[in-house]
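Note sheet for the following structure.
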Amino acid sequence: MDDSYKVFQTKSEFQVIHPGHFQGIGEYEDAFPSVPLLAAYKTGDEKALVAYWLPWNPQENVLELATVSLKIENLTFEEPVLVDFLTGNVYKTDGFRVENGSSIFQGLPLADYPFAIVSKKQIRFIGKP
């Protein structure tokens, strides 16, 4: 991510499918903090990057990540991938679709550190030496 990305105001909806190690999260829970956060960015040529995370006390070991579905309004991706900021690993995003100009993702992992969603061609892959 460089300075060509600017904050993009959008609405998002998370639905907790499985809380994993983070008991007390979800739309009907009143534990603090219980709501995942999202930050969206776009470039002038419409490349998008979204970061999301759970504002939770950092865990030394997360035994089981939470699983969520996510809808992001007015933002679409071409061949999106998921970037794990802790490990640097990049994954396919199964369960992705575009509906009425919104991106919808099913079965995303959620942790107390950020993940990012970007289009695959925005990632510069580095091979082994």
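Values for this structure:
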read-out: Selection status of residue 82, in contact with an Asp or Glu (Cβ under 8 Å, 6 or more places away or on another chain) and either crowded, with 18+ Cβ neighbours inside 10 Å or small (Gly, Ala, Ser) (or both); value: no
read-out: Residue check, residue 105 at pLDDT 95 or above and crowded, with 18+ Cβ neighbours inside 10 Å; value: yes
read-out: Of all residues making up the stretch 73-99, the number that are in a loop (DSSP other than H, G, I, E, B), on the phi < 0 side of the Ramachandran plot and more than 12 Å from the chain's Cα centre (by Cα); value: 8
read-out: Verdict on residue 44 being closer than 24 Å to residue 118 by Cα, among the small types (Gly, Ala, Ser), over 13 Å from the mean Cα position of the chain (by Cα) and modelled with pLDDT under 90; value: yes
read-out: Residue within the stretch 45-68 that is surrounded by 14 or more Cβ atoms within 10 Å (Cβ to Cβ), more than 19 Å from residue 124 (Cβ to Cβ) and of a type in the set (D, E, K, R) present; value: no
read-out: Single residue of the stretch 2-12 satisfying the filter (surrounded by fewer than 15 Cβ atoms within 10 Å (Cβ to Cβ) and either over 15 Å from the mean Cα position of the chain (by Cα) or assigned to a strand (DSSP E or B) (or both)) that is modelled with the lowest pLDDT; value: 2
read-out: Cβ-Cβ under 8 Å pairs, at least 6 apart or on other chains, the stretch 7-33 side closer than 18 Å to residue 51 by Cα and among the aliphatic types (A, V, I, L, M), far side at pLDDT below 80 and in a loop (DSSP other than H, G, I, E, B); value: 16/26; 16/27
read-out: Any hit, the stretch 26-38, residues being surrounded by 12 or more Cβ atoms within 10 Å (Cβ to Cβ), hydroxyl-bearing (Ser, Thr, Tyr), modelled with pLDDT of 90 or more and under 17 Å from the mean Cα position of the chain (by Cα); value: no
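The values are calculated or read from the model by the stated rules, or taken from the named source; none is laboratory data. All figures in this text were calculated on a predicted structure; none of them were measured in a lab. Neighbour counts are summed over all protein chains in view; Cβ atoms, including those assigned to glycine, are modelled from backbone coordinates with ideal geometry.
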